[in-house]
Each structure stands twice: as structure tokens, then as C-alpha cells.
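Asker: Below is a structure I'd like to ask you about.
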Amino acid sequence: MKQMLSVLTLSTLVSACGGLATTDGSGTNAGPQAVQPSASQDKPAEARLASEVRIPMEISLHTPNGQRYPDSVLRVVDKSDRALDVGLLVVGALLGSFRLPVAKEDYRGTKVETMRHPAMQHLFGGITATMAGQQEGKSGRQYKNPLYARPDTFALVYADSEDEKPPYELFIQTTVWRKPDSGGWLTSPVMVVCRDTFSASAFTLSQWEMEDYAAVKAKGEEHIRNCVGKVELALNELFKE
């Protein structure tokens, strides 16, 4: 049975209304409560949608099939991580254990705890705004199965270069999925994978770090816009009956 670790739950589409519901793991609300709009039809569609349609949304930190843990915060991978991996490969070979080297963007790296994956903060608000108006005519509709988002990758990784200070690439990936409410145990979820690699600027690590990672934050916002666009194209499939 799948195990899901939810660190964020939206029991209603509340972002457009200025509120955010969270859970602390005990099932009780641990954050600000959702703002409840009045019944006035003069309210914008986003506000009316929050009270008319209930769509649970959750961040998932589930790690399927032994894959690398998701990146809830930024991970910085430098050349020393590659050297460590090569050393482990050599030691393992001498001991009779063989494995293929992993892709460098999957090295453990060093975490930057102050830089959260952009999907952890902004994705559901973007999806909420995009859905406003598209669920009209479904007043009172309550969806059972949540819309999940997994912060797969958020990493600054050195590019192959002979330079003493090589350029770094920024990898961001988010997966969004949901099973239809009418589906059974064997029903496969509809999945949307959003992946961006930002390298055209050829920034060094120090340039990415400037002004409290301003360039990383800007690219994270671009990733969210790209991902919301992909989710919008798949809304009919994601929320089919």
C-alpha cells in the first residue's frame, strides 16, 4: 500500500481567498484558517470557487521504488561529490561489489535549508487561480481523491568544465498526479511531469548565490508558471469523474 507523507493540505481552494490550511501531522489545523467568502454572487469567480468546490491538495514526499528522496530544499552538487562517488565505486569493486555510477544531479550534495522547493510554496496557489471559472456549474462538488504534487528535484549541479570555478546548472522537477474518484485500486493516476533545466546564463555558483539566491528564486517562479501551464492542459484528465 502506498504511503504518503503530507506536509501541506488544502481542503478547499483557499489560496485565491488569502488563507492556507495546513496540518501538523495529527489531523488538526496548524496554520491560518481559510477565509470563507460570503454567498454574494458579486464575488470574483476565484472566491466563489473556494466555497463551492472542495478539492484536497497535498505535497507528497513519498519515495517510490527505491528512488532518491525528493528535494524539499535546494541541493548543491559540486565536483567533490563526484570524487566521493568514484572513490566509493573503486572501494566497492575491490570488495566485489559492482554498480553503475549515478547521474551527477542525483549525488547527495549539500542542502540549503533556507531555500525550499518552489512547488512547496507556490504551486497550489497557481493551480487554484488557473482552475477558477473552469469548475463553474459544479456547486457543492466534493472531490475525494487528492491532487498530489511531489518536489522531485531542486538542485544546483556543476557543469563539466576545466574551469576552476565551473558554471552550474539548475535542475527543477515537479510531478503532479491524481486518481479519478471513480477509479479502483488498480487505476493508474493521471500524471503531469514538469521538468526545467536552466543553464543558458552559465552562472557560477557564487552568481547563483548572489542576493540570497535571487536568480534561483526567479527560475523557481518560472518553473511554477511552466508547470501550472502543463497542469492546465491536463485539468480535464486530472479531474475526470
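The values are calculated or read from the model by the stated rules, or taken from the named source; none is laboratory data. Values in this document were obtained by computation on a predicted structure and should not be read as measured data. All Cβ positions, even for glycine, are placed from backbone atoms using ideal geometry, and neighbour counts span all protein chains on display.
Asker: Just give me the residues in region 226-241 being part of a helix (DSSP H, G or I) and surrounded by 12 or more Cβ atoms within 10 Å (Cβ to Cβ), in sequence order.
Answerer: Of everything in region 226-241, those that are part of a helix (DSSP H, G or I) and surrounded by 12 or more Cβ atoms within 10 Å (Cβ to Cβ) turn out to be Asn226, Cys227, Val228, Gly229, Lys230, Val231, Glu232, Leu235, Glu237, Leu238.
Asker: Quickly run through region 203-240 and pick out the residues that are in contact (Cβ under 8 Å) with a residue 40 or more places away in the chain and either β-branched (Val, Ile, Thr) or touching a Ser or Thr at 6+ places or on another chain (Cβ under 6 Å) (or both).
Answerer: Once the filter is applied, which keeps residues that are in contact (Cβ under 8 Å) with a residue 40 or more places away in the chain and either β-branched (Val, Ile, Thr) or touching a Ser or Thr at 6+ places or on another chain (Cβ under 6 Å) (or both), region 203-240 yields Val216, Ile224, Cys227, Val228, Val231, Glu232.
Asker: Does Ser51 fit the bill of being modelled with pLDDT under 65, hydroxyl-bearing (Ser, Thr, Tyr) and farther than 25 Å from Asn236 by Cβ?
Answerer: It is false that Ser51 is modelled with pLDDT under 65, hydroxyl-bearing (Ser, Thr, Tyr) and farther than 25 Å from Asn236 by Cβ.
Asker: Among the listed residues Arg108, Arg195, Arg141, identify the single one that is modelled with pLDDT of 95 or more and not acidic (Asp, Glu).
Answerer: Working: Arg108 fails: modelled with pLDDT of 95 or more; Arg141 fails: modelled with pLDDT of 95 or more.
None of the others qualify; the one that does is Arg195.
Asker: A follow-up question, please. Run down Glu221, Glu241 and say which single residue is charged (D, E, K, R), in contact with a His (Cβ under 8 Å, 6 or more places away or on another chain) and within 30 Å of Lys144 (Cα to Cα).
Answerer: Glu221
Asker: Can you tell me which residue within region 120-138, out of those that are modelled with pLDDT of 90 or more and touching a helix residue (DSSP H, G or I) at 6+ places or on another chain (Cβ under 7 Å), is surrounded by the fewest Cβ atoms within 10 Å (Cβ to Cβ)?
Answerer: Gly125
Asker: To continue, here is another question. Only residues that are exposed (fewer than 14 other Cβ atoms within 10 Å of the Cβ) and hydrophobic (A, V, I, L, M, F, W, C): list them for region 192-222, please.
Answerer: Once the filter is applied, which keeps residues that are exposed (fewer than 14 other Cβ atoms within 10 Å of the Cβ) and hydrophobic (A, V, I, L, M, F, W, C), region 192-222 yields Val193, Ala200, Ala202, Met210, Ala214, Ala218.
Asker: Can you pull out the residues in region 146-202 that are assigned to a loop (DSSP other than H, G, I, E, B), touching a residue at least 60 places away in the same chain (Cβ under 8 Å) and acidic (Asp, Glu)?
Answerer: Within region 146-202, the subset assigned to a loop (DSSP other than H, G, I, E, B) is 146, 159-166, 179-189, 199-202.
Still in the list and also touching a residue at least 60 places away in the same chain (Cβ under 8 Å): 146, 166, 180-181.
Selection gives Asp181 alone.
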